[in-house]
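Data block below; observations after.
Nothing in this text is a laboratory measurement; each read-out follows from the coordinates by a stated rule. Quantities reported herein were computed from a predicted structural model and do not represent experimental measurements. Counting neighbours? That spans all protein chains shown, and the Cβs are built from the backbone with ideal geometry, glycine included.
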Amino acid sequence: MRIIRKKKNFIDGTSASSDLAFLLIIYFIVTAVFNVNRGFIVTLPAKDSSRLILKDDLLRFELDGAGRLFFQGAFVDKTEAQRTIGAALAYNPNIAVALSVDPLSPWQQVVSFVELAQALEVEAFSFSMKGFSAGGER
């Protein structure tokens, strides 16, 4: 008795592996975490830079715990601050702007002020937290 065996049709292995490779590429693209820049760019001075800022060339602003902005002890809104900084920059382009921030101040107010300084193209900008020592403790 003769046994009849059916011949199996093997599909070329390259097409299956290329399909699998394609699906893996798609999977990794979809599941990859994309880096989204949610901050702002600040150009820091060089380590060996020694820029001197005169007292008259410094505009000091303060943000209190409620997010109110003060300049020379008086409350100012964003448009007044913009006018003040713009006028100072028009008179002297070497103006430096310093912002002192209360730790309880809403972070969005800080970001808004930094964006304002960035829009006015302030070259020398600094901000610090009130009540924190160099070690970061209150």
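For Ala96, the amide hydrogen comes within under 5 Å of the amide hydrogens of Leu58, Leu59, counting only partners 5 or more places away or on other chains and with H modelled in the peptide plane. Approximating the spin labels as points 7 Å out from Cα along Cα→Cβ, the Glu115-to-Phe75 distance works out to 2.3 nm. Computing FRET efficiency as 1/(1 + (r/R0)^6) for Ala124 and Gln82, where r is the C-beta to C-beta distance and R0 is 22 Å, gives about 0.80. Between amide H atoms placed 1.01 Å from N, distances below 5 Å from Phe127 occur with Leu99, all of them 5 or more places distant or on a separate chain.
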